[in-house]
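Heads up, the thing below is written out as structure tokens.
The values are calculated or read from the model by the stated rules, or taken from the named source; none is laboratory data. In this text the structure is predicted, and so the values were computed from the model without any measurement. Here the Cβ positions follow ideal geometry from the backbone for every residue, glycine too, while neighbour counts run over all protein chains shown.
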Amino acid sequence: MNVKPILFNTAMVQAILEGRKTQTRRIIKPQPTNPRWNNIGWLGWDDGHGYRMKSPCEVGDVLWVRETFDDVAMGHPWYYKADGDLRPECWKGERWMPSIHMPKEAARIFLKVKDVRIEKLWAMDEETAIAEGFEDSPAGTDSPLQRFSELWDKTIKRDDLREFGYHADPWVWVIEFERCEKPEGWCLDE
């Protein structure tokens with residue numbers, strides 16, 4: 001078992017905390033061109049240079065969630081944007097720290113990987129969009145899949161939309177997970 005970081009935006013952290021998000025999709029870079037199968041099943045991806053592409057995590061791994069945070073208050077360990085702005089009034093004008101900068105010791109959410117697979121982004125349906133954390137919606141409003149596609153494109157750099165945007169239908173890693181306890185010995189000085 002490996003313990004690895006994974007980034008989530010505030011809305012997706014809230015969905016994890018509420019128990020609505022049980023999977024995530026991550027772009028495969030570079031996009032594979034040569035999937036390999038045999039009569040037993042999936043063999044992997046060739047990256048075009050004779051190397052097998054490795055998944056970002058494996059079944060049994062634990063992912064620690066990096067989320068938008070703040071550590072400005074002396075004596076208070078951390079504040080998390082997903083909880084709302086619970087910081088003292090004097091700090092509310094201050095900027096939140098981006099999730100990429102979250103240190104290991106601030107992690108509060110741990111996810112155990114249950115499955116990792118590859119698929120095209122458009123293989124999604126409404127059910128999998130709900131598993132991605134998008135609540136079902138009443139008729140006449142945007143569907144969970146529509147809301148997923150909009151958020152997907154917001155996470156892609158503008159210059160990369162042609163290759164990795166929703167309408168490009170890129171290959172993605174699909175990572176299914178469940179919440180778990182902090183791993184034993186987590187973040188001890190080595």
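Quick notes on this structure:
- The set of residues in region 125-136 being surrounded by 14 or more Cβ atoms within 10 Å (Cβ to Cβ) and either assigned to a loop (DSSP other than H, G, I, E, B) or without any contact (Cβ under 8 Å) to a residue 60 or more places away in the chain (or both) consists of 126, 129, 133, 134.
- Against the list (1) closer than 21 Å to residue 17 by Cα; (2) β-branched (Val, Ile, Thr); (3) free of Cβ contacts under 8 Å to residues at least 24 places away in the same chain, the condition residue 155 fails is (3).
- Top-ranked residue in region 89-113 [being crowded, with 19+ Cβ neighbours inside 10 Å and part of a helix (DSSP H, G or I); ranked as modelled with the highest pLDDT]: 99
- Summed over region 136-154, the residues that are within 15 Å of the chain's Cα centre (by Cα) and of a type in the set (A, V, I, L, M) give a count of 1.
- Subset of region 114-124 (residues that are out of contact with any Asp or Glu (no Cβ under 7 Å at 6 or more places or on another chain) and either in a strand (DSSP E or B) or of a type in the set (Ser, Thr, Tyr) (or both)): 117, 118, 119
- Restricting region 140-166 to residues that are closer than 27 Å to residue 110 by Cα and touching a Phe, Trp or Tyr at 6+ places or on another chain (Cβ under 7 Å) leaves a set whose member that is surrounded by the fewest Cβ atoms within 10 Å (Cβ to Cβ) is 153.
- Test: residue 169 is exposed (fewer than 14 other Cβ atoms within 10 Å of the Cβ) and in contact with a helix residue (DSSP H, G or I) (Cβ under 7 Å, 6 or more places away or on another chain): yes
- Cβ pairs under 7 Å, 6+ apart, first in region 110-123 and over 23 Å from residue 145 (Cα atoms), second part of a helix (DSSP H, G or I) and among the hydroxyl-bearing types (Ser, Thr, Tyr): none
- Members of region 155-190 that are part of a loop (DSSP other than H, G, I, E, B), within 20 Å of the chain's Cα centre (by Cα) and among the small types (Gly, Ala, Ser): 165
- Residue 145 without any contact (Cβ under 8 Å) to a residue 40 or more places away in the chain, under 21 Å from residue 8 (Cα atoms) and not in a strand (DSSP E or B): yes
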